[in-house]
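The values are calculated or read from the model by the stated rules, or taken from the named source; none is laboratory data. The structure presented is a predicted model; accordingly, all values stated were derived computationally and were not measured. Backbone-built Cβ (ideal geometry, glycine too); neighbour counts: all protein chains shown. Accessible surface areas use protein heavy atoms only, side chains included; no ligands, DNA or RNA. Shrake-Rupley method; radii C 1.70, N 1.55, O 1.52, S 1.80 Å.
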Amino acid sequence: ILACIAMLSLPLLTGCTRKTSDRDLMFVSSFQAVEKINEKPGILDRKLRTAWVDPRTTELYAKEHIPGAICLPFPRMQAEAETTLKGYDQFIVYDTDWEDTIGKAASKRLMELGFNNVYTLEGGLKAWKRDGNSVETGVPASRPGN
């Protein structure tokens, strides 16, 4: 009986998602992020479709965001990531600046949900703008392109 209880309890203890830590995060600068987006595929490979993922609130997204970014607020990520990010092969997650932790948390959540090729923009929007890149304003589109 104890063996049966242990077998049935195992899925509850391990959970349905993989666990992540800060060591799993792959940070990129804005320059490296742009390089990843523009990487030329190998002869037999296809170009990876990249999604900029903004896990901040819709209000912060509307104030300013990376052009073409997908607004996927962190509280809705678990429920909406699979459908919202369907068809993309790599993901660059960003937040507001170096002190903001929502980008790291969102990157880890995506990895826990089974997404691969997840990168975190170091310094967020502040670093993006500091490096001379543009931002957009306005409410999120339903599914913007790259």
Identify, please: which residue in region 33-50 is open to solvent by 60 Å² or more (accessible area, probe 1.4 Å) and in contact with an Asp or Glu (Cβ under 9 Å, 6 or more places away or on another chain) and is, among those, farthest from Thr101 (Cα to Cα)?
Arg46
Residue among Phe74, Phe91 that is aromatic (Phe, Trp, Tyr) and either more than 24 Å from Asn38 (Cα to Cα) or over 10 Å from the mean Cα position of the chain (by Cα) (or both):
Phe74
State all residues of region 38-58 that are outside any loop (DSSP other than H, G, I, E, B) and within 14 Å of the chain's Cα centre (by Cα); if no residue qualifies, say none.
Thr50, Ala51, Trp52, Val53, Asp54
Before we move on, is Lys63 open to solvent by 20 Å² or more (accessible area, probe 1.4 Å) and under 20 Å from Lys19 (Cβ atoms)?
no
Scanning region 26-57 residue by residue, those touching a strand residue (DSSP E or B) at 6+ places or on another chain (Cβ under 6 Å) and over 18 Å from Lys126 (Cβ atoms) turn out to be Met26, Ile37, Leu48, Thr50, Ala51
Kindly provide the set of residues from region 66-83 that are in contact with a strand residue (DSSP E or B) (Cβ under 7 Å, 6 or more places away or on another chain) and open to solvent by 30 Å² or more (accessible area, probe 1.4 Å), ordered by number.
Pro67
Quick check on Asn116: is it polar (S, T, N, Q), under 11 Å from the mean Cα position of the chain (by Cα) and open to solvent by 30 Å² or more (accessible area, probe 1.4 Å)?
yes
